[in-house]
Amino acid sequence: PPRAEPAPPPRPAAAERPAAAAPVSNVTPLPLRKAIVPAGQPLPPQPSLNEISPEALASVREVEKRAKKLTLMELTERTCKWPIGDPATEDFWFCGLPSLPGKPYCEAHVGVAFQPMSARRDRRR
């Protein structure tokens, strides 16, 4: 019978373990929830008018008249993802014209988005 008495101390220790594990299980779901929420891709910076050549700007304006005006959910790997308008308003859409192979934008928007550094520096002077 004296040996039966040492058995109760492990029980409180076992009771303490689930208590210690409970906060861990409460903490664990929070990071999992954050990991599940997909983060949106940042919008490409809209170049200011003084950074775009007049030719490229005219080309972009013409293209935007023909744009498909797609919503985010309508975009595919083959559509131009150039954002147009303010995302906080109803009048916001994506170009949606066929994108160039290996690029996220159509030909006109690639011409504005991917400019050599020298061309950008020259325009600022």
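A few notes on this one:
- For the stretch 93-105, a tally of residues being assigned to a loop (DSSP other than H, G, I, E, B) and either surrounded by 17 or more Cβ atoms within 10 Å (Cβ to Cβ) or not charged (D, E, K, R) (or both) returns 9.
- Residues that are assigned to a helix (DSSP H, G or I) and not charged (D, E, K, R), drawn from the stretch 62-92: VAL63, LEU72, MET73
- Every residue from the stretch 58-76 that is without any contact (Cβ under 8 Å) to a residue 24 or more places away in the chain and loosely packed, with under 15 Cβ neighbours inside 10 Å: ALA58, ARG61, LYS65, THR71, LEU72, MET73, GLU74, THR76
Bear in mind these aren't lab numbers, they're just calculated from the coordinates by the rules spelled out. Quick caveat, the model's predicted, so the values are computed rather than measured. Neighbour counts run over all protein chains shown; Cβ positions are idealised from the backbone, glycine included.
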